[in-house]
1. I need the full set of residues from region 246-268 which are more than 27 Å from Glu489 (Cα to Cα) and not aliphatic (A, V, I, L, M), in order please.
2. Show the residue pairs meeting these rules: Cβ distance below 7 Å; 6+ apart or different chains; first residue within region 468-488 and assigned by the TED database to the domain that holds Ile443; second residue of a type in the set (Ser, Thr, Tyr) and outside any loop (DSSP other than H, G, I, E, B).
3. Look at Glu328 and say whether it is modelled with pLDDT under 95, out of contact with any strand residue (DSSP E or B) (no Cβ under 7 Å at 6 or more places or on another chain) and under 20 Å from Val411 (Cβ atoms).
4. Checking Gly438 against (1) touching a residue at least 40 places away in the same chain (Cβ under 8 Å); (2) touching a Lys or Arg at 6+ places or on another chain (Cβ under 6 Å); (3) not polar (S, T, N, Q), only one condition comes out false. Which one?
5. Sort through Glu341, Glu311, Glu354, Glu328 and tell me the only one that's in the same structural domain as Ala398 (by the TED database), open to solvent by 10 Å² or more (accessible area, probe 1.4 Å) and part of a helix (DSSP H, G or I).
6. Evaluate region 199-217: report whether one residue or more is over 29 Å from the mean Cα position of the chain (by Cα), assigned to a helix (DSSP H, G or I) and farther than 28 Å from Tyr436 by Cβ.
7. So which residues in region 357-380 are open to solvent by less than 10 Å² (accessible area, probe 1.4 Å) and over 24 Å from Asp293 (Cβ atoms), if there are any at all?
8. What do you reckon, is Arg275 open to solvent by less than 10 Å² (accessible area, probe 1.4 Å) and in contact (Cβ under 8 Å) with a residue 24 or more places away in the chain?
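The values are calculated or read from the model by the stated rules, or taken from the named source; none is laboratory data. Remember, predicted model here, so these are calculated numbers, not experimental data. Note: ideal-geometry Cβ built from the backbone for every residue, glycine included; neighbour counts use all protein chains shown. Heavy atoms of the whole protein, side chains included, go into the accessibility calculation; ligands, DNA and RNA do not. Shrake-Rupley method; radii C 1.70, N 1.55, O 1.52, S 1.80 Å.
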Amino acid sequence: MAPARRRQRHRWRLPAAISAILCLSLLVLSFLAPPLLEHSAISDRRLLRFPRPRSSSDDRNVKSPNVNRSGILGEIFHVPHDGRSMRDDLWRSKLAMNYYGCSDTSDKFPDAKLTTRPDRYLMIATSGGLNQQRTGITDAVVAARILNATLVVPKLDQRSFWKDASNFGEIFDVDLFITFLSRDVRIIKELPKKDGRVIRGPYTMRVPRKCTQRCYVTRVLPVLLKKHVVQLTKFDYRLANRLDTDLQKLRCKVNYHSLRFTKQIQEMGDKLIERMREKSQHFIALHLRFEPDMLAFSGCYYGGGDKERTELGKIRKRWKTLHASNPEKERRHGKCPLTPEEVGLMLRALGYGEDVHIYVASGEIYGGNETLAPLKALFPNFHSKETLASKKELAPFASFSSRMAALDFVVCDRSDAFVTNNNGNMAKILAGRRRYFGHKRTIRPNAKRLYSLFLNRNNMTWDMFASKVRTFQKGFMGEPKEIRPGRGEFHENPAACICEKSDKDTRFDSSISQDGNKGKIGRAISAPYINSHASEVELSDLDYGEDSPIGKEITDPTDPDLINPDLEDTDMEEALSD
């Protein structure tokens with residue numbers, strides 16, 4: 001059989017001179033053409049351009065080319081300057097009017113005068129930063145009620161990481177605290193004295209974390225009956241999430257109505273809010289956690305090369321028992337806080353334009369101005385308490401970390417939209433508080449879903465990126481029924497204290513005063529739920545608080561408190577700010 005004849009392929013080629021002219025023409029046209037990735041609805045043609053985000057294996061001194069999967073050099077990622085900032089749904093929930101905070105206890109909850117025993121006194125020593133201590137104060141009132149004891153005004157933590165010497169009355173309105181709760185729990189400022197001496201010194205002990213009602217009755221009550229005065233130490237997250245409904249409502253009454261800052265703090269906070277309102281009708285408050293201590297503790301890595309590994313590694317050595325972590329795995333699982341740039345991109349993708357004013361509550365940012373530069377480029381109207389107030393105005397607060405944190409708390413609480421890059425104590429407390437007071441817009445990043453999106457953003461158009469961000473953030477925007485009742489910390493999801501209006505309540509005004517109750521008991525919210533991603537990354541899993549290591553549940557059976565409540569906790573719990 002004769003071999004197959006090889007076909008000859010004849011290619012038609014342009015002369016070299018014509019080919020060069022065509023190439024030059026295409027090059028000129030590419031410069032004259034409008035950007036391919038610019039949003040079609042944007043009239044402002046100015047663009048911000050950001051480099052490709054680095055993975056944990058990248059080094060800052062190594063420039064990796066922007067290559068997509070096909071091996072072709074990728075498009076530059078364009079961020080339009082404009083946005084949809086005037087849309088109402090960016091600033092408020094359309095469903096909020098159907099819900100209201102309800103913390104009135106039932107008729108089956110007797111007056112404290114009938115339940116309090118005269119020979120039982122409970123003292124509390126709180127732990128951590130301002131918001132961690134706030135959870136302890138709230139739970140202390142409930143613990144006293146369970147034990148039918150008189151509560152002595154809690155002692156604030158003055159020896160921890162914060163070194164803040166403020167006492168309770170220098171941060172909170174102590175008289176309001178006592179009088180507002182008088183029908184629920186008897187509270188006194190100090191132990192009674194006899195012949196100039198305290199009746200007796202307290203017996204010191206500690207309860208396990210997430211101690212239930214039965215736990216308090218079996219562990220603390222027998223000691224209280226014998227010693228009469230008991231002080232519970234390191235009191236943070238020492239009360240179970242699930243309690244009887246009336247006790248849950250008492251929690252809300254304490255946290256949302258009786259714990260008001262002092263007049264001095266409140267007035268300065270009001271000034272900061274007023275100055276933000278003078279600049280814009282609406283504003284965002286961003287709680288930005290990106291301090292060196294916090295990053296070291298988290299075990300996350302942000303592409304800073306050997307310098308970052310060395311600097312954060314030195315800080316990590318402070319915690320002898322801190323386990324080694326896989327930074328890439330932590331990021332994939334949504335355990336790492338977003339960078340300032342990533343927060344900015346998320347907000348712009350959600351529709352907030354560069355004209356929006358942002359109040360930033362933060363400590364020392366790792367990398368300083370260089371780290372903040374992309375966020376400031378995305379949102380040039382960048383403010384903080386230090387830029388809004390003079391040094392003279394801040395002088396009474398500047399030496400006290402808790403009082404400075406209280407100022408940020410006031411502004412964040414009353415902002416039109418509250419945003420956080422983390423899930424620490426302040427984020428949890430404010431998320432719950434903003435749900436209670438009308439489901440004010442609260443944006444918490446779905447870090448697990450957003451991670452891959454940030455990593456591959458240069459391989460997609462801005463429209464595609466923004467669309468995916470909006471999809472991933474459904475269920476993380478502070479809407480009603482986002483989280484199933486009972487999931488997460490009660491302080492972040494006070495479902496028992498949020499009621500849904502019935503058809504008979506159509507004329508009920510859903511606006512709630514933060515100074516008191518509506519005096520109306522409603523039906524607590526129940527299913528269905530909005531958050532379709534909750535099973536992938538529960539908000540309670542993203543814990544950057546003082547109370548536990550990253551990725552470790554507070555109810556971890558290896559917690560030394562569950563093994564031996566008398567063991568001293570390490571300062572690991574106090575490492576991170578609120």
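1. Answer for region 246-268, where residues must be more than 27 Å from Glu489 (Cα to Cα) and not aliphatic (A, V, I, L, M): Lys263, Gln264, Glu267.
2. Gly478/Thr442; Pro480/Tyr99; Arg487/Ser540; Gly488/Ser540
3. Considered against the rule, which asks whether it is modelled with pLDDT under 95, out of contact with any strand residue (DSSP E or B) (no Cβ under 7 Å at 6 or more places or on another chain) and under 20 Å from Val411 (Cβ atoms), Glu328 comes out as no.
4. Single failed check for Gly438: (2).
5. Every option except Glu341 fails the conditions.
6. yes
7. Leu378, Phe379
8. no
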